[in-house]
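Here is the structure we will look at.
Every number here is computed from the coordinates shown, using simple stated rules; none is lab data. Bear in mind the structure is a predicted one, so any value in this text is a computation, not a measurement. Virtual Cβ from ideal backbone geometry, glycine too; neighbours counted across all protein chains shown.
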Amino acid sequence: MKTIASFTVDHDKLEKGMYISRIDGDAVTYDIRMKKPNGGDYLTNGALHTFEHLFATYARNSEYSDSVIYVGPMGCLTGFYLILRDNVSHEQAIRLVQDSFRFVADFSGKIPGSERKECGNYLLHDLDGAKAVAKDMLTVLDGYTEGQLNY
């Protein structure tokens with residue numbers, strides 16, 4: 001079998017940040033690395049789950065909602081993938097991620113989609129943990145530019 005593209009990236013050299021993982025036709029996959037790979041500090045399941053609900057809700061309600069293909073966590077618990085149509089510029093994608101993370105950092109109230117009938121694991125949420133991760137990543141993403149999107 002061929003090695004998939006994401007496994008060819010040297011994860012020992014990756015730092016927290018936002019990267020272009022791949023471009024497939026009109027779909028751009030962004031790697032939003034929120035924890036240093038193999039660094040011993042990972043997203044907890046509750047924080048990751050809450051972050052997913054809030055990030056996806058914000059992105060899918062933003063001005064780019066029609067261009068959002070996917071928002072979801074990495075199995076290695078170090079970040080998220082965001083897949084957008086290429087009609088969203090890289091600068092706009094950075095801004096969308098920054099705005100989404102600010103939304104998570106400042107969120108209060110009932111987590112969207114957190115009722116039993118809406119979610120397959122509705123008890124597994126950690127809003128404080130999600131907010132802490134968002135605040136930490138906002139310091140990384142502050143002033144982020146298109147030139148930083150390359151691995």
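Taking θ as phi - 60° and the Karplus parameters 6.51, -1.76 and 1.60, the scalar couplings of the range 39-44 work out to x, x, 10, 10, 5, 7 Hz in sequence order, x denoting glycine and proline. Seen against the Cα atoms of the chain and their longest principal axis, helix 90-106 is set at about 20 degrees. Restricting the trypsin sites (Lys or Arg not before Pro) of the range 46-151 to loop positions (DSSP other than H, G, I, E, B) with no more than 11 neighbouring Cβ atoms within 10 Å leaves LYS110, ARG116, LYS117. When its C-alpha radius of gyration is set against 2.2 N^0.38 Å (N residues), the chain gives a value of 1.01.
How would ASP86, ASP128 line up from fewest to most surrounding beta-carbon atoms within 10 angstrom? Don't jump to the answer; show the numbers that get you there.
Details: ASP86 14, ASP128 11.
Ordered from fewest to most neighbouring Cβ atoms within 10 Å, ASP86, ASP128 come out as ASP128, ASP86.
Seen against the Cα atoms of the chain and their longest principal axis, helix 127-141 is set at about 30 degrees.
Among all stretches of the chain without exposed GluC sites (Glu not before Pro) (DSSP loop, at most 13 other Cβ atoms within 10 Å), which one is longest?
Details: sites that count: GLU15, GLU63, GLU115, GLU118.
In the chain, the maximal stretch lacking such sites is 64-114.
If each residue's Cβ is checked for other Cβ atoms within 10 Å, how do PHE51, PHE80, PHE103, PHE7 rank with the fewest at the top? Display every interim value, and only then the final one.
Numbers: PHE51 29, PHE80 24, PHE103 17, PHE7 8.
Fewest-to-most ranking of PHE51, PHE80, PHE103, PHE7: PHE7, PHE103, PHE80, PHE51.
Note that the range 21-36 has calculated 3J(HN,Hα) couplings of 7, 6, 10, 10, x, 9, 10, 10, 9, 9, 9, 9, 8, 9, 9, 5 Hz, one per residue in order, obtained from phi through the Karplus relation 6.51 cos²θ - 1.76 cosθ + 1.60 (θ = phi - 60°); glycine and proline are x.
3J(HN,Hα) along the range 53-70, derived from phi through the Karplus expression 6.51 cos²θ - 1.76 cosθ + 1.60 where θ = phi - 60°, amounts to 4, 6, 4, 5, 4, 5, 4, 7, 10, 7, 5, 9, 3, 6, 9, 7, 9, 7 Hz, with x in place of Gly and Pro. Cross-link check: pairs LYS35/LYS117; LYS16/LYS131; LYS2/LYS35; LYS35/LYS131; LYS35/LYS110 evaluated at a Cα-Cα cut-off of 22 Å; pairs beyond the cut-off: LYS35/LYS117; LYS2/LYS35; LYS35/LYS110. Helical runs assigned H by DSSP (4 residues or longer) give the chain a calculated mean residue ellipticity at 222 nm of -10500 deg cm²/dmol, each run adding -39500 (n - 2.57) before division by the residue total.
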